[in-house]
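Below is one structure; the comments refer to it alone.
The values are calculated or read from the model by the stated rules, or taken from the named source; none is laboratory data. Every value quoted in this text rests on a predicted model; they were computed, and no experiment measured them. Cβ: placed from backbone, ideal geometry, glycine included. Neighbour counts: every protein chain shown.
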Amino acid sequence: MGRLVAFLLDALVLFFIIRTVVRLVTGPRPPQRASRPASPPERAGGTLVRDPQCGTYVPESRAIRVGSGDRTLYFCSTTCRDAYERRT
């Protein structure tokens, strides 16, 4: 029984040594991203907005804007805009 415990402890120590060496060689892990961003993605070209019809993200500067009351909708194309307007 004592040999089994000693073997398991040796295996555990060896595992941590190997894991440490691998992390030193490969570098730190990149941070994990959240599954869904809390706000629209920021890009070098500006803010991306989501088309409510097809779900595509487009740069706000290139999007087709439609104002409805106090809310502005952004579309990737006139086709998506027209389809959205027909649907609502």
Q.
Condition first: modelled with pLDDT of 90 or more and part of a strand (DSSP E or B). Can you find one or more residues in the range 75-85 that meet it?
A. yes
Q. In the range 20-57, which residues are small (G, A, S) and at pLDDT below 75?
A. A34, S35, A38, S39, A44, G45
Q | All positions within the range 66-83 that are within 22 Å of T47 (Cα to Cα) and in contact (Cβ under 8 Å) with a residue 12 or more places away in the chain | A | V66, L73, Y74, F75, C76, S77, T78, C80, R81
